[in-house]
1. More than 16 Å from the chain's Cα centre (by Cα), touching a residue at least 40 places away in the same chain (Cβ under 8 Å) and more than 17 Å from Glu23 (Cβ to Cβ), is that true of Ser47?
2. Listed residues Glu128, Glu149; which is of a type in the set (Asp, Glu), within 13 Å of ligand 2 (Cβ to nearest atom) and in a strand (DSSP E or B)?
3. Please pick out the residue among Arg69, Arg78, Arg88 that is on the phi < 0 side of the Ramachandran plot and touching a Cys at 6+ places or on another chain (Cβ under 8 Å).
4. Given (1) of a type in the set (Lys, Arg); (2) surrounded by 12 or more Cβ atoms within 10 Å (Cβ to Cβ); (3) without any contact (Cβ under 8 Å) to a residue 12 or more places away in the chain, where does Lys108 come up short, assuming only one miss?
5. Looking only at the range 87-105, which residues are away from ligand 1 (no atom under 16 Å from the Cβ) and either surrounded by fewer than 20 Cβ atoms within 10 Å (Cβ to Cβ) or more than 17 Å from the chain's Cα centre (by Cα) (or both)?
Amino acid sequence: MSTHQKETINGRCVCNKVRYTLELVPEQEGDSKKSSTTPRTTLCHCSSCRRAFGTNYGLTAKVALENFRYDEDSAAPRKFKQENGVTREFCDTCGAYLVEYGEAAADKFRYIMWGTMDEPDRFPPKGEFFCKNRAGWMPKIPGAFQKQEIKE
Ligand SMILES: [Zn+2]
Ligand SMILES: [Zn+2]
């Protein structure tokens with residue numbers, strides 16, 4: 001039995017057939033190990049994210065796999081694995097992407113498509129990856145770290 005207060009946040013695709021729940025464990029003072037259970041939002045300017053999101057960057061929130069689940073009454077998502085090893089799961093009715101993960105993260109993390117969460121503004125971006133590909137008109141995010149590529 002956990003001594004931490006459990007809190008959840010819901011998410012869904014555009015047509016509402018695929019739905020998920022994130023279990024959040026609030027970060028506590030002196031408890032740095034819990035940080036991985038709080039969605040960690042980052043931008044990614046890489047070419048793969050541009051294609052997948054259809055915009056100039058991808059925006060995802062990283063959570064531990066154990067804190068992510070599709071709801072029991074949710075339709076099963078479709079999966080597509082790109083040749084770079086990134087798998088994206090999406091609704092086969094409306095086409096919205098919900099989560100993505102690389103091969104190394106597959107059994108550890110899910111990167112949640114930020115806008116599919118019900119209250120995404122609770123999780124502002126902490127950093128930016130692949131800034132070498134940043135669109136020329138896109139400003140840096142104030143207060144976020146900037147990396148030229150990604151390291152994992
Ligand atoms: Zn859908
Ligand atoms: Zn990317």
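1. Numbers: more than 16 Å from the chain's Cα centre (by Cα): yes; touching a residue at least 40 places away in the same chain (Cβ under 8 Å): yes; more than 17 Å from Glu23 (Cβ to Cβ): yes.
When the stated conditions are applied, Ser47 passes them.
2. Of Glu128, Glu149, the one residue that is of a type in the set (Asp, Glu), within 13 Å of ligand 2 (Cβ to nearest atom) and in a strand (DSSP E or B) is Glu128.
3. Numbers: Arg69 fails: touching a Cys at 6+ places or on another chain (Cβ under 8 Å); Arg88 fails: touching a Cys at 6+ places or on another chain (Cβ under 8 Å).
Matching residue, one of Arg69, Arg78, Arg88: Arg78.
4. That leaves (3) as the condition not met.
5. Thr87, Gly102, Glu103, Ala104, Ala105
Where a number appears in this text, it was derived from the coordinates with a stated rule and is not lab data. For clarity, every value in this text was computed on a predicted model and none was experimentally measured. Heads up, the Cβs are rebuilt from the backbone with ideal geometry, glycines too, and the neighbour counts pull from every protein chain shown.
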